[in-house]
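I have placed the structure first, in the form of structure tokens, so that the comments after it can refer back to it.
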Amino acid sequence: MSRPRICLPVAGTGAHYEVAPSKIIALGLNYRDHIAESESVRVRGFSPDEPSEPVLFPKLPSCLTGPEEPIVLPRIIEQYRFDDPRTDYEAELALFIGAECSWVDEEDALDCVYGYTCMNDVSQRNIQNGDRSGWFRGKSFDTFGPIGPTVVPAERLSDPQCLSIECRLNGRTVQSSNTSHMIFPLPAIVSFVSRNFTLYPGDIILTGTPAGVGRLHDGDVVEVEIEGIGTLRNPVVVPAGD
């Protein structure tokens, strides 16, 4: 089976953007209200304190999937027989790097951004909590990175630090916030990530999720909407048995 090709329309143009990052770097704990709900989410590594620097973790590029494509709850979960299996949605603003950068200063950081889109940082909580190596596997299952529905070039988004962000589950609003509520703003995020890893064109940075994360079940439909970008919609399914 060949790797799925994701091409998103570029807003304001007739062009399409092929999503093919060398890496996806995501932030945890970047909205104060999400930190406040950490006890109910019960994810290892959460605490009530604001982080002193961005909390980074990776997602595999193979987790990416496009608009309207299904989020598939992983079959491997069945073999663990968890008492309370839980896979969550997380609405996030994502950015695409447009120019190679390393050790970029904050004042120049957004010059390295090509554009913005919506993403759903789907997270399998039992695996995320149980793996001794951390959050990597629980964040990287196939289809755990829905992205789209369009790419908005940076120059067409006047203030990405002031956008309403919302998640709806089966039509009900479950997350509602604004990117202005981030603890670490976008220039600080890009600068910090670039001081740890060289960023290449096409790389994706996820900027964190606000409060209201919750469970996904077979048959659900989850939507991530960000002002000025659009709505990313994906159904949720369990894989067919043998």
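The values are calculated or read from the model by the stated rules, or taken from the named source; none is laboratory data. Just so you know, these numbers come straight off a predicted model, no measurement behind them. Backbone-built Cβ (ideal geometry, glycine too); neighbour counts: all protein chains shown.
When segment 190-232 is examined, which residues are found to be among the basic types (Lys, Arg) and within 22 Å of ILE25 (Cα to Cα)?
ARG195
Tell me yes or no: at least one residue of segment 147-163 is closer than 26 Å to ASP84 by Cα and among the basic types (Lys, Arg). I'd like the intermediate steps shown before the answer.
We begin by selecting, within segment 147-163, every residue closer than 26 Å to ASP84 by Cα; these are none.
No, every residue in segment 147-163 fails to be closer than 26 Å to ASP84 by Cα and among the basic types (Lys, Arg).
Listed residues GLU90, GLU53, GLU68; which is in contact with an Asp or Glu (Cβ under 8 Å, 6 or more places away or on another chain) and under 24 Å from PRO21 (Cβ atoms)? Before the answer, list the steps.
Details: GLU53 fails: in contact with an Asp or Glu (Cβ under 8 Å, 6 or more places away or on another chain); GLU68 fails: in contact with an Asp or Glu (Cβ under 8 Å, 6 or more places away or on another chain).
The match here is GLU90.
Please specify each residue of segment 44-95 satisfying the condition of being of a type outside the set (D, E, K, R), part of a loop (DSSP other than H, G, I, E, B) and under 30 Å from GLU106 (Cβ atoms).
Correct list: GLY45, PHE46, SER47, PRO48, PRO51, SER52, PRO54, LEU60.
Here are some conditions: (1) in contact with an Asp or Glu (Cβ under 9 Å, 6 or more places away or on another chain); (2) among the acidic types (Asp, Glu); (3) closer than 20 Å to VAL122 by Cβ. ASP203 meets all but one. Which one does it not meet?
Failed condition: (1).
Could you look through segment 65-86, keep only residues that are among the β-branched types (Val, Ile, Thr) and over 17 Å from LEU206 (Cβ atoms), and pick out the one that is surrounded by the most Cβ atoms within 10 Å (Cβ to Cβ)?
Step one: list which residues in segment 65-86 are among the β-branched types (Val, Ile, Thr), which gives 65, 71-72, 76-77.
Those still in the list that are over 17 Å from LEU206 (Cβ atoms) too: 72, 76-77.
Details: VAL72: 19, ILE76: 11, ILE77: 17.
Step by step, filter segment 65-86, then rank; the result is VAL72.
In contact with a Phe, Trp or Tyr (Cβ under 6 Å, 6 or more places away or on another chain) and either of a type outside the set (Phe, Trp, Tyr) or in contact (Cβ under 8 Å) with a residue 60 or more places away in the chain (or both): which single residue out of LEU110, LEU163, LEU169, LEU157 fits that description? Break it down into steps so the answer makes sense when it comes.
On the way: LEU110 fails: in contact with a Phe, Trp or Tyr (Cβ under 6 Å, 6 or more places away or on another chain); LEU163 fails: in contact with a Phe, Trp or Tyr (Cβ under 6 Å, 6 or more places away or on another chain); LEU169 fails: in contact with a Phe, Trp or Tyr (Cβ under 6 Å, 6 or more places away or on another chain).
Just a single option satisfies the conditions, and that option is LEU157.
Could you list all residues from segment 119-151 that are buried (at least 20 other Cβ atoms within 10 Å of the Cβ) and part of a helix (DSSP H, G or I)?
ARG125, ILE127, GLN128, GLY138, LYS139, SER140
From THR231, THR198, grab the single residue that is within 26 Å of THR87 (Cα to Cα) and not aromatic (Phe, Trp, Tyr).
Working: THR198 fails: within 26 Å of THR87 (Cα to Cα).
Being within 26 Å of THR87 (Cα to Cα) and not aromatic (Phe, Trp, Tyr) holds for just one of THR231, THR198, which is THR231.
Here is a check on your reading of the model: is GLU155 assigned to a strand (DSSP E or B) and either charged (D, E, K, R) or modelled with pLDDT under 95 (or both)? It would help to see each step written out before you state the result.
On the way: assigned to a strand (DSSP E or B): no; either charged (D, E, K, R) or modelled with pLDDT under 95 (or both): yes.
In short, no.
Would you mind finding the one in VAL41, VAL55 that is at pLDDT below 90 and of a type in the set (A, V, I, L, M, F, W, C)? Don't jump to the end; show me each part of the working.
Numbers: VAL55 fails: at pLDDT below 90.
Going through VAL41, VAL55 in turn, the sole match is VAL41.
I'd like to check something: does segment 14-23 contain any residue that is of a type in the set (D, E, K, R), modelled with pLDDT of 95 or more and crowded, with 17+ Cβ neighbours inside 10 Å? Working first, answer last.
Restricting attention to segment 14-23, the residues satisfying the condition of being of a type in the set (D, E, K, R) are 18, 23.
This time we only want the ones that are modelled with pLDDT of 95 or more, so: 18, 23.
Now restrict to residues that are crowded, with 17+ Cβ neighbours inside 10 Å: 23.
There is at least one residue in segment 14-23 that is of a type in the set (D, E, K, R), modelled with pLDDT of 95 or more and crowded, with 17+ Cβ neighbours inside 10 Å.
Among the candidates SER62, SER102, which residue alone is of a type in the set (Ser, Thr, Tyr), closer than 12 Å to VAL190 by Cα and either over 15 Å from the mean Cα position of the chain (by Cα) or surrounded by fewer than 22 Cβ atoms within 10 Å (Cβ to Cβ) (or both)?
Only one candidate qualifies: SER102.
Return the residues of segment 136-176 that are acidic (Asp, Glu) and over 11 Å from GLY228 (Cα atoms); say none if nothing qualifies.
Residues of segment 136-176 acidic (Asp, Glu): 142, 155, 159, 166.
Listed by number, the residues that qualify are ASP142, GLU155, GLU166.
Out of SER194, SER164, SER176, report the one residue that is surrounded by 16 or more Cβ atoms within 10 Å (Cβ to Cβ) and more than 14 Å from the chain's Cα centre (by Cα). Walk me through how you get there before you give the answer.
Working: SER164 fails: surrounded by 16 or more Cβ atoms within 10 Å (Cβ to Cβ); SER176 fails: surrounded by 16 or more Cβ atoms within 10 Å (Cβ to Cβ).
Going through SER194, SER164, SER176 in turn, the sole match is SER194.
Can you tell me which residues in segment 27-38 are among the acidic types (Asp, Glu) and either in contact with a His (Cβ under 8 Å, 6 or more places away or on another chain) or modelled with pLDDT of 95 or more (or both)? Step through it out loud before you land on a result.
Step one: list which residues in segment 27-38 are among the acidic types (Asp, Glu), which gives 33, 37.
ASP33, the sole residue that qualifies.
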